[in-house]
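Only the coordinates and a few stated rules stand behind these numbers; no lab work does. Fair warning: this is a prediction, and the values are worked out from it, not measured in the lab. Cβ placement follows ideal geometry from the backbone for every residue including glycine, while neighbour counts extend to all protein chains displayed.
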Amino acid sequence: MTESILAITGPTSGIGRAAVKELVNDFDRILLLARNMEKAAYLKQELLELNPEANLGIIECDLSVLDSVKQAAENIKNKVNHIDCLVNNAGIVSTTHKKSADGYELMMATNYIGPFFLTHELLPLVMKSEQKQVVVVTSGAYKFAPMKKPFFKPKRFNAISGYGRSKLGILYLAQELHEFYSRKGLRTTAVHPGAVSTNLGKDNVSRKVADAIFALLDPFFVSVEEGSQSVIKAVRQPEKYAGFYSNQGEIAAVKQYGSDFKMRREFIDATLEELDLKAL
């Protein structure tokens, strides 16, 4: 039996932090992909207190910067020859229009483009493993707005639709992985864990706008611990959730724009072209 390895993005706060603390005993090795190295080091110490025998690696990775994602993937390839479970958990909500270092709308860059590229780079390692699992954290917010052009650099910004489209994109990624790799043994799950209110960025925006966004997202709010359970369940029960959308731990039908196959194909193809990739 080979060493079991988990790789997870966004582990230093919120749902990711709660999930990895519970999963620390489930894998022989855990790779923590984090943007903030100080927070990652602190998390590592916390995890070692929970399991002194844990084999933990910290990989610097800013998902909003493609060069950082590329370097992180290379670092991982130099450390391991397989990954049993890749959890694309990291994500942001931005209430103001910001651009990534590569010129993309920041939420689309962080929540979709970066994870897409990371998955592309690490998928060969996942397919070499015994478990062969990818879990992506999406959101019920995918129903907020249809995907539309320009996909990655919108001319107008709306926080709600921008966030929704970034989460619709990562849902499309999960669907794409299942369609093309499930027959090769890959188990993919898209998870809506519920939104954690403390993750909502209200900085640099008027109180009126922030409160309006908060009110619209309020039906999705759950505690960090509640949200993490949907990720943990997917990781621990890959067969049960393979190929499905998990709504807070319950298998649910994908609605509205999430079932638009024609748009998914167009969007995925546009992503491949944008990243100069031949295939996922």
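Report the antiparallel proportion of the DSSP beta bridges in the range 5-274 as a percent, rounded to a multiple of 5. Can you show the working numbers first?
On the way: 4 of 31 bridges.
Of those bridges, close to 15 percent are antiparallel.
The simple Förster model, with R0 at 30 Å and r as the Cβ-Cβ distance, assigns Leu275 and Glu130 a FRET efficiency of 0.55. Between Lys153 and Met263, the FRET efficiency from the beta-carbon distance, with R0 = 25 Å, is close to 0.90.
Using only alpha carbon pairs under 8 Å that are at least six residues apart, calculate the relative contact order of the chain and give it in whole percent.
Details: 523 pairs, mean separation 50.7, N = 280.
With pairs under 8 Å counted, the relative contact order is 18 percent.
For the chain, taking Cα atoms only, Rg and Dmax work out to 17.4, 56 Å respectively.
So what is the calculated 222 nm ellipticity per residue for the chain, using -39500 (n - 2.57) for each DSSP H run with n of 4 or more, over all residues, to the nearest 500 deg cm²/dmol?
Numbers: 9 runs with 117 residues, N = 280.
Counting only the DSSP helices, I get -13000 deg cm²/dmol.
The separation of the range 217-280 from the range 177-193, counted between C-alpha centres, amounts to 9 Å. Of the GluC sites (Glu not before Pro) found in the range 64-132, those in coil by DSSP whose Cβ has at most 15 other Cβ atoms within 10 Å are Glu130.
Any idea what the relative contact order of the range 27-158 is, in percent, if you count C-alpha pairs under 8 Å spaced at least 6 apart? Mind showing how you got there, number by number?
Values: 164 pairs, mean separation 33.2, N = 132.
Answer for the range 27-158 is 25 percent.
Inter-label distance, Glu53 to Lys39: 3.1 nm, where each label sits 7 Å from its Cα along the C-beta direction. Pro150 sits among other residues whose Cβ lies under 12 Å from its own Cβ, and their net charge, with Lys and Arg +1 and Asp and Glu -1, is +4.
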